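Have a look at the structure below before the remarks.
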């Protein structure tokens, strides 16, 4: 019995580690591999699937290649088992027939300078574990926007909103945090779903204030949105936070850990053990799965983007948060969007909602 118990603990620890080890190469729930069938004049033909039929703008990522694809071109000639999408551009590599790729909400690669021609400085934010790499995009306003990506992506993901923020003359600090490439590594190399990572965001707020920000807006995706929530109620400089923009926040740890573990091929029988082990890794209590933040402690306006097709961070928790604090939280539902892809599914509507939210905060 002792041997069986030890084996179960070991299996659970392994499963929990698999779920929480951040890597852009590891799949998310519903993340399907697609095959490139052909490319043409501004088009790419892909395997037909629920993923390749998603509306909007996405990155197309494969071994040694990256491209940007736009909407489905329904009237373009194609076989019954394929989909034709607009090919905006190939950012690096090539897309010969047979290339295996996946759609990703991380549309742009590189940095804002190379992707958009925007003025961009590489800076180091002093964090508790060491220097945190960040991009600084200057603007004339004294309200800064700090962007923070989620689990399984990089600081390239928030680049989707940087041209919009630049047009509105807002300074932007694009943060990398612990366990990112070039950032300090923790001993366990695991993502703690924002419970420890929020302190790196706290360091970024202090950096912004030190270099001229009167106040800040935190814009986070996935676990980065959870980091923003925690900073808003725990940071010693939370009085400088003017607003929150949350995209697909992780508010139900049980559901997210189970979904991550299942997507990474952890056997179904081990999923409950994975949840307990993950909460042991992070130090988060098993009996409080949905306590990313107490809604009653929120004090700043919050714009919440989420949708019913998110299978990693169920949006029921976001609806509950908005219902608890209708005085502060505005929920902007986005249909037909996978996790952390609310901008991708409807860029124009997303940016209009963002403009309306940010205008009184500038």
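Please treat every number below as a calculation from the coordinates, not as lab data. These numbers come from a predicted model, not from an experiment. Note that each Cβ is placed from the backbone with ideal geometry, even for glycine, and that neighbours are counted across all protein chains shown.
Relative contact order, percent, of the range 195-260 when contacts are C-alpha pairs under 8 Å separated by at least 6 residues?
Normalised by residue count, the contact order of the range 195-260 is 36 percent.
Cα gyration tensor of the range 115-164, axes a ≥ b ≥ c as square roots of the eigenvalues: rounded (a/c below 1.5), prolate (a/b > b/c) or oblate?
Note, shape of the range 115-164 comes out oblate.
Using the 10 angstrom Cβ neighbour count as an exposure proxy, how do 88, 197 rank, fewest first?
By the 10 Å Cβ count, ascending: 88, 197.
Report the rotationally averaged projected area of the range 214-263 based on its alpha-carbon convex hull, in square nanometres.
Mean projected area of the Cα convex hull: 3.7 nm².
Does the range 118-223 come out rounded, prolate or oblate, given a ≥ b ≥ c as the square roots of the eigenvalues of its C-alpha gyration tensor, rounded meaning a/c under 1.5 and, failing that, prolate meaning a/b above b/c?
prolate
Largest first and to the nearest Å, give the Cα extent of the range 40-85 along each principal axis.
So the three principal-axis extents are 28, 24, 18 Å.
Averaging over all projection directions, find the projected area of the Cα convex hull of the range 51-112 and quote it in nm² with one decimal place.
Computed as one quarter of the Cα hull surface, the answer is 4.5 nm².
Under a plain spin-label model, where a point goes 7 Å from the Cα along Cα-to-Cβ, how far apart in nm are residue 119 and residue 355?
Calculated label separation equals 2.4 nm.
Test of understanding: ordering 207, 177 by Cβ neighbours within 10 Å, fewest first, what list do you get?
Fewest to most other Cβ atoms nearby, the residues stand as 207, 177.
For the range 174-259, just run the numbers: alpha carbon Rg, then divide by 2.2 N^0.38 Å, N being how many residues it has.
1.09
Provide 65, 120 in ascending order of the number of other Cβ atoms located within 10 Å of each residue's Cβ, fewest first.
Ascending Cβ contact count within 10 Å gives the list 65, 120.
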